Amino acid sequence: MPHKRAKSSARHSQRDALGFDRAPTGKSGLDDIPRSARHLFSAPPPKRKAETETTSQETPTLKIRPNERMRDFNQRVENAFATDINSTMRREQRSESNTRKRERRRELLKAKKRAANPQLAREDAAADWARASKTRSLHDVAQAPPVITARPKERKKAPTAVEAQAAARPKPSLARQKILDEERERVVKQYRALKKAREQAGA
């Protein structure tokens, strides 16, 4: 079985024939670096600032530590999420206060318009009264029977057995329909001729 590696003498003679002043090969430049230092040159590129900030802002994964009490773990979780909870609560309170301020400002504006225009005040009062009259309560007393304004929908009648059979029967083709019409017309003519002959015979 031949050896996979050439003899030492053959390798030395080949190296001497090639010489030492040779052009670089297509291999990577890490061949001449010791293995213990290669990881310094093959490390991934440093992350950009935006990626670093995004990673730092991500929610930390909290796990209970060995020999840690549940109360201490709960306290640690609350401390980790305290900033987010407080910011959310402040945002909700701010939105509620803004809504109340807008409603108060709207009411003040309406009051100013009513004070400046008595006609508008009367119209608003009438609209409020009409809106209040449409509101129904449990203790309201009916003064008259209700008036039905909506037109009732027409109920579809259930088809009879004959209609169901006729609907289920397949429609004849145009040629067959033409033949049936011609046959019907022939029978009608024959019946009329027979009836006319009977009337003449009776007369």
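Nothing in this text is a laboratory measurement; each read-out follows from the coordinates by a stated rule. This one's a predicted model, so the numbers in the text were calculated from it and none came from an experiment. Ideal geometry is used to build each Cβ from the backbone, glycine not excepted, and the neighbour counts take in all protein chains shown.
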Taking the number of other C-beta atoms within 10 Å as the exposure measure, put 12, 139 in order starting with the fewest.
139, 12
So how much slack lies between residue 181 and residue 72, counting 0.36 nm per residue of separation and subtracting their Cα-Cα distance, in nm?
29.6 nm
